[in-house]
Amino acid sequence: MINRRAIPGERPVFPKRAIITAGMPYGNKKLHFGHVGGMFVHADTFARFMRDRIGSENVIFVSGTDCYGSPIDEAYKKLVDEGFTGTIEDYVMGNHLTQKQTLADYEIEPNLFAASAFGEGGEEHKKVSAWVFETLYRNGWLEKLSTPQFFDTEKGVFLNGRQVIGKCPIEGCQSEHGYADECSLGHQYMPSDLINPISTLSGKKPEIRYVSNWYFKLDECRDLMQKMVDFLRANTNTRKNQLNTIEEFLKPPCIYVQKKLVSDMDALRARFPEHETVDLEEEKKQSVTFVFKDLADRDAARKVLDELTINYRTGKTLVPFRLSGNASWGVPVPDKEDMTGFTFWVWPESLWAPISFSKTYMKQNGIGGEDEWKRWWDDEDAKVYQFIGEDNIYFYGIAEMAMAVGLKYRPEEVPEDISNFNFPHLVANCHILFGDKKASSSGSVKPPMAEDLLSLYSAEQLRMHFLSLGLASKSVGFKPKPLLPELKDAPGKDMVLKEGNLLTNVFNRIVRSCFYALQKYYDGNLPERELSDKIRELAENAVIEYERLMYNHEFHKVTYTLDSFIREVNKYWVGNIREADSNDDDALRSQVLWDCFYCVKVITTLLHPFAPVGCEMVREYLGADDRLWSWDYILEPLSAVSNGQGFKFLEPRIDFFKKPEWQLANDDQ
């Protein structure tokens with residue numbers, strides 16, 4: 001029986017069960033570098049860590065292809081115009097399978113990567129969508145609203161969200177594209193707010209016609225969301241920048257008007273509903289802000305400004321969250337009252353898709369009954385971690401959270417104290433830039449495809465680099481030397497390889513050196529020694545720091561911790577083994593081997609979430625079983641995780657962490 005040595009110091013507390021999700025890519029495209037490097041690698045690394053930390057049976061990592069939505073329908077129609085003869089199902093399924101393969105090529109392994117329109121995941125998604133709608137309706141959170149929608153008179157059709165392009169009406173927004181009711185940066189507004197709308201079908205300005213749809217009463221959740229933000233800020237490790245982003249939308253409805261456009265400010269204010277003004281008397285300010293108590297008063301003021309042909313911008317605030325639409329390619333909305341034949345707008349149904357996929361995985365694997373998913377999503381000893389991009393904070397951080405409350409309570413029953421509500425934990429990364437520019441499929445700078453990068457770098461080199469970028473707090477550039485003209489012929493190394501070299505050069509060399517010395521001097525049998533105090537302290541400190549940083553999702557700092565640990569071990573090895581060889585000091589040599597094999601064992605466990613394939617190979621040669629990955633044994637000697645077969649013989653020139661062939665041919669990187 002192993003007497004497991006406790007890790008010293010105060011340690012973070014992890015849940016007993018965890019769901020990890022990664023935001024779903026649209027079904028109209030392959031995965032580009034931003035999908036993988038900005039989100040999926042982080043989600044996969046944390047999921048692998050949690051499997052090691054709390055047990056693989058207690059972790060479920062789900063994601064999938066977002067099959068529905070107007071961007072997919074538009075892309076399909078364009079492809080048909082170009083000669084594609086398949087159905088939209090053929091088109092989306094082809095992209096789904098390509099996405100799934102790309103993830104596998106990057107060593108990204110969700111428990112389930114489903115598709116919201118197909119298979120068991122698709123069927124479960126329809127059921128969950130109906131359940132969410134019926135529950136929110138029964139709890140009094142839904143309302144029918146007749147809202148403006150764009151109509152192309154030349155083509156004689158209503159336009160979907162991506163068939164209208166204009167300028168986002170939100171003050172200060174830098175989005176390249178404003179669509180019907182959201183911009184490319186995720187700002188939400190009513191269609192009538194869009195500035196200079198143009199139909200992508202005819203190139204003409206569309207008319208506004210009123211259409212009824214189902215809406216979630218998100219505009220009534222401002223106080224609730226503020227309580228959530230205050231609680232998360234005071235009691236959790238939620239990233240402060242994403243809480244700040246959420247709070248920006250919790251302001252009361254505002255209108256911004258340039259002072260030079262108003263000849264008589266008093267007369268204008270007299271026509272407005274009750275309001276407050278900001279910066280009215282401030283001479284240096286070019287505009288005045290009108291603050292209203294609700295959307296109805298703000299919209300009444302907008303009508304006044306429209307009558308006077310005074311241009312204005314609106315501010316970020318909560319607006320009713322549209323649930324339904326009239327797209328034919330979508331999940332059916334349950335018929336209710338006089339509303340029939342509707343489908344869900346893609347954004348809300350994509351928010352509850354992870355529940356659908358969790359239920360699907362549990363059913364496929366015989367985990368619990370019909371309501372087992374609630375033990376993983378709701379129980380106080382469980383936690384849901386959702387990895388997303390910062391553009392989607394509005395949807396996941398506000399709309400999803402508010403609807404989660406709405407599934408439990410009627411509006412009048414929401415408790416004042418929400419500290420017991422188990423909100424999902426968001427991990428929102430900032431943009432990963434291409435060079436120094438934001439790249440997107442719809443923007444002027446096109447992103448490189450994730451699969452293409454694998455012809456230049458290994459999956460583990462890219463994983464290490466993406467995780468080192470520090471997207472937790474700021475946007476950072478991905479700068480692959482072969483793909484950027486300004487870097488391609490410039491002197492110096494490819495910085496994408498820097499973190500990968502820690503694996504392919506430094507740690508790879510340590511592991512090989514240990515094996516070759518063991519085989520040369522001791523015929524593959526490690527003489528048993530007591531672990532030196534220096535190595536024990538080095539390992540304990542690295543493990544404690546690593547765990548703390550993983551808990552806070554500070555992946556770039558984890559890579560720094562690993563770098564420091566590995567290089568310290570390398571320094572210890574080089575200095576002492578040279579001395580042992582120079583003096584033919586067998587006692588020193590055997591001690592160094594004992595210490596360094598111990599460090600190889602600990603480092604391999606810590607690296608496992610980052611570079612799983614190479615670490616699995618190290619495990620095999622160490623003669624360890626799967627207990628090597630368990631944190632129950634993190635600081636135990638190799639004997640605690642031995643498979644009883646001893647070390648595997650290492651042939652000459654075997655690499656545990658491999659470089660692509662072209663890098664080996666140009667090994668000056």
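The values are calculated or read from the model by the stated rules, or taken from the named source; none is laboratory data. No experiment lies behind these values; they were computed from the predicted model shown. Glycine gets a Cβ as well: all are built from the backbone with ideal geometry, and neighbour counts include every protein chain shown.
Here region 563-611 is the region considered, the condition is being under 30 Å from E107 (Cβ atoms) and of a type in the set (G, A, S), and the residue that is surrounded by the fewest Cβ atoms within 10 Å (Cβ to Cβ) is S564.
Residues in region 190-210 that are β-branched (V, I, T) and closer than 23 Å to P253 by Cα: I195, I208.
Look at A296 and say whether it is at pLDDT 95 or above and closer than 30 Å to L268 by Cα. No; evaluated as a whole, the condition is false for this residue.
As for region 85-108, it holds no residue that is in a helix (DSSP H, G or I), under 16 Å from L351 (Cβ atoms) and of a type in the set (G, A, S). Inside region 287-322, can you point out the residues that are part of a loop (DSSP other than H, G, I, E, B) and without any contact (Cβ under 8 Å) to a residue 40 or more places away in the chain? Scanning region 287-322 gives a single hit, T309.
Determine, yes or no, whether K284 is over 20 Å from R222 (Cβ atoms), free of Cβ contacts under 8 Å to residues at least 24 places away in the same chain and basic (K, R). Reasoning before the result, please.
Numbers: over 20 Å from R222 (Cβ atoms): yes; free of Cβ contacts under 8 Å to residues at least 24 places away in the same chain: yes; basic (K, R): yes.
Spelling it out, K284 is indeed over 20 Å from R222 (Cβ atoms), free of Cβ contacts under 8 Å to residues at least 24 places away in the same chain and basic (K, R).
Among the residues making up region 454-484, those that are touching a strand residue (DSSP E or B) at 6+ places or on another chain (Cβ under 9 Å) and under 19 Å from P612 (Cβ atoms) are H465, F466. The residues of region 231-269 that are under 22 Å from T317 (Cα atoms), within 29 Å of the chain's Cα centre (by Cα), part of a helix (DSSP H, G or I) and not acidic (D, E), listed by number, are F231, L232, R233, K240, N241, Q242, L243, N244, T245, I246.
Checked across region 426-439, the condition of being among the basic types (K, R) and more than 30 Å from E616 (Cβ to Cβ) holds for at least one residue.
Which count do you get for residues in region 85-107 that are more than 17 Å from K29 (Cβ to Cβ) and either modelled with pLDDT under 95 or among the basic types (K, R) (or both)? Reasoning before the result, please.
The first filter runs over region 85-107 and keeps only residues more than 17 Å from K29 (Cβ to Cβ), leaving 85, 87, 104, 107.
Next, only the ones that are either modelled with pLDDT under 95 or among the basic types (K, R) (or both) stay: 85.
So the answer is 1.
If the condition is being assigned to a loop (DSSP other than H, G, I, E, B) and not aliphatic (A, V, I, L, M), then region 361-401 contributes N365, G366, G368, G369, E370, D371, D378, D379, E380, D381. Taking the listed residues G69, G83, G55, G34, the one that is on the phi > 0 side of the Ramachandran plot and buried (at least 22 other Cβ atoms within 10 Å of the Cβ) is G69, with no other qualifying.
Between S358, S350, which is farther than 18 Å from A18 by Cβ, outside any strand (DSSP E or B) and not charged (D, E, K, R)? Give the derivation first.
Working: S358 fails: farther than 18 Å from A18 by Cβ.
After ruling out the rest, the residue left standing is S350.
Which residue is farthest from H553 (Cα to Cα), if the candidates are limited to region 37-71 and must be β-branched (V, I, T) and not in a strand (DSSP E or B)? Per the criteria, the residue is I54. Screening region 1-26 for residues that are modelled with pLDDT of 95 or more and among the small types (G, A, S) and picking the one that is farthest from the chain's Cα centre (by Cα) gives A18.
In region 324-347, the condition of being modelled with pLDDT of 95 or more, surrounded by 20 or more Cβ atoms within 10 Å (Cβ to Cβ), out of contact with any strand residue (DSSP E or B) (no Cβ under 6 Å at 6 or more places or on another chain) and in a helix (DSSP H, G or I) is met by no residue.
Could you name every one of the strands (runs of 3 or more DSSP E) located completely within region 402-494 that has at least 2 residues being basic (K, R) and buried (at least 17 other Cβ atoms within 10 Å of the Cβ)?
Working: elements: 425-429, 432-434, 476-478.
Correct list: empty, since no element meets the threshold.
Considering region 103-126, and only residues there that are hydrophobic (A, V, I, L, M, F, W, C) and over 27 Å from G500 (Cβ atoms), the residue that is surrounded by the most Cβ atoms within 10 Å (Cβ to Cβ) turns out to be A114. Got a sec? Which of K481, K520, K493 is within 25 Å of I654 (Cβ to Cβ) and of a type in the set (D, E, K, R)? After applying the criteria, what remains is K520.
Here's the yes/no breakdown for (1) touching a His at 6+ places or on another chain (Cβ under 9 Å); (2) modelled with pLDDT of 95 or more; (3) farther than 24 Å from I393 by Cβ; (4) not small (G, A, S):
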position: E109; (1), (2), (3), (4): no, yes, yes, yes
position: A115; (1), (2), (3), (4): yes, yes, yes, no
position: N139; (1), (2), (3), (4): no, yes, yes, yes
position: G172; (1), (2), (3), (4): no, no, no, no
position: E182; (1), (2), (3), (4): no, no, no, yes
